[in-house]
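**Student:** Below are the structure tokens for one structure; questions will follow.
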């Protein structure tokens, strides 16, 4: 049976880095997390660098991969473990050139198996499908059906990430459908019982979903 793990995404803004670093530590104490994506839009490069400097030691102390959104040039310069690129963030080949062969490059593929297959054939380390449910974290241009995860698992080896509206209430369904990773932002940071409880609950729901595969 294949596994499914959490892939955390930072809130869209981090006005108080020290406070968020504490919350991140709490979240990672809640259970298994595979990766943390720093996703900061429309901020200066030095603000992104400051976020990486503050959060990378916490992620690595928990054996969590640190991934930067959108910017392979910065991800390489700041020694991140990987980069996540969208369809409008430049060609995959350029991201791979900047990151080198040993660091991760993941690609947003919306609700398109065609885009995902192109990315996988180009050498992407993972493809991301979504949004599966309504999300307030970002404007989602597409709505994906969980069936795309099941079909992908049957025909492709490249891991797939489910993103968009992933919460404690939706995690089991997506894990059961075939997601290798569940990308979660507000479902952790806005959880009423706090990030540590959210990660614990999400891991429990993932286990339930895997058991039902």
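**Student:** Please work out which residue is farthest from the chain's Cα centre (by Cα), limiting yourself to the stretch 1-20 and to residues that are in a strand (DSSP E or B) and farther than 10 Å from residue 189 by Cβ.
**Tutor:** Restricting to residues being in a strand (DSSP E or B) and farther than 10 Å from residue 189 by Cβ, the top hit is 5.
**Student:** Among the residues of the stretch 197-204, are any touching a helix residue (DSSP H, G or I) at 6+ places or on another chain (Cβ under 8 Å), touching a residue at least 12 places away in the same chain (Cβ under 8 Å) and farther than 19 Å from residue 36 by Cβ?
**Tutor:** Looking through the stretch 197-204, none of the residues is touching a helix residue (DSSP H, G or I) at 6+ places or on another chain (Cβ under 8 Å), touching a residue at least 12 places away in the same chain (Cβ under 8 Å) and farther than 19 Å from residue 36 by Cβ.
**Student:** Condition first: in contact with a strand residue (DSSP E or B) (Cβ under 8 Å, 6 or more places away or on another chain) and within 20 Å of residue 161 (Cα to Cα). Now tell me which residues in the stretch 76-98 satisfy that.
**Tutor:** 80, 81, 82, 83, 84, 85, 86, 87, 92, 95, 96
**Student:** Just to verify a result, which residue in the stretch 70-105, among those that are free of Cβ contacts under 8 Å to residues at least 12 places away in the same chain and part of a helix (DSSP H, G or I), is farthest from residue 44 (Cα to Cα)?
**Tutor:** Among them, the one singled out is 97.
**Student:** Could you grab the pairs with beta carbons closer than 7 Å, sequence gap of 6+ or different chains, first residue in the stretch 7-21 and at negative phi and modelled with pLDDT of 95 or more, second one surrounded by fewer than 16 Cβ atoms within 10 Å (Cβ to Cβ) and not in a loop (DSSP other than H, G, I, E, B)?
**Tutor:** Listed pairs, sorted by first residue: 17/50.
**Student:** Give the number of residues within the stretch 38-57 that are closer than 18 Å to residue 189 by Cβ and surrounded by fewer than 18 Cβ atoms within 10 Å (Cβ to Cβ).
**Tutor:** Residues flagged as closer than 18 Å to residue 189 by Cβ and surrounded by fewer than 18 Cβ atoms within 10 Å (Cβ to Cβ) within the stretch 38-57 amount to 3.
**Student:** Still on this structure: If a residue has to be farther than 29 Å from residue 173 by Cα and exposed (fewer than 13 other Cβ atoms within 10 Å of the Cβ) to count, how many in the stretch 1-21 make the cut?
**Tutor:** 4
**Student:** Can you pull out the residues in the stretch 86-110 that are over 13 Å from residue 72 (Cα atoms) and buried (at least 18 other Cβ atoms within 10 Å of the Cβ)?
**Tutor:** 108, 109, 110
**Student:** How many of the residues in the stretch 106-127 are within 25 Å of residue 45 (Cβ to Cβ) and in contact with a helix residue (DSSP H, G or I) (Cβ under 6 Å, 6 or more places away or on another chain)?
**Tutor:** Residues that pass the stated criteria total 1.
**Student:** Also: Would you mind telling me which numbered condition in (1) more than 17 Å from residue 127 (Cβ to Cβ); (2) out of contact with any helix residue (DSSP H, G or I) (no Cβ under 7 Å at 6 or more places or on another chain) residue 84 fails?
**Tutor:** (1)
**Student:** Within the stretch 62-82, identify whether any single residue is at pLDDT 95 or above, at positive phi and exposed (fewer than 15 other Cβ atoms within 10 Å of the Cβ), and answer yes or no.
**Tutor:** Within the stretch 62-82, one or more residues are at pLDDT 95 or above, at positive phi and exposed (fewer than 15 other Cβ atoms within 10 Å of the Cβ).
**Student:** With the structure loaded, tell me whether residue 23 is closer than 25 Å to residue 180 by Cβ and part of a helix (DSSP H, G or I) or whether it fails that test.
**Tutor:** No; evaluated as a whole, the condition is false for this residue.
**Student:** Taking the stated definitions as given, is residue 137 touching a residue at least 40 places away in the same chain (Cβ under 8 Å) and within 15 Å of the chain's Cα centre (by Cα)?
**Tutor:** It is true that residue 137 is touching a residue at least 40 places away in the same chain (Cβ under 8 Å) and within 15 Å of the chain's Cα centre (by Cα).
**Student:** To continue, here is another question. Looking only at the stretch 159-177, which residues are free of Cβ contacts under 8 Å to residues at least 40 places away in the same chain and either within 11 Å of residue 209 (Cα to Cα) or touching a helix residue (DSSP H, G or I) at 6+ places or on another chain (Cβ under 6 Å) (or both)?
**Tutor:** Correct list: 162, 166, 167, 168, 170, 171, 173, 176, 177.
The values are calculated or read from the model by the stated rules, or taken from the named source; none is laboratory data. No experiment lies behind these values; they were computed from the predicted model shown. Every residue, glycine among them, receives a Cβ derived from its backbone with ideal geometry; neighbour counts consider all protein chains shown.
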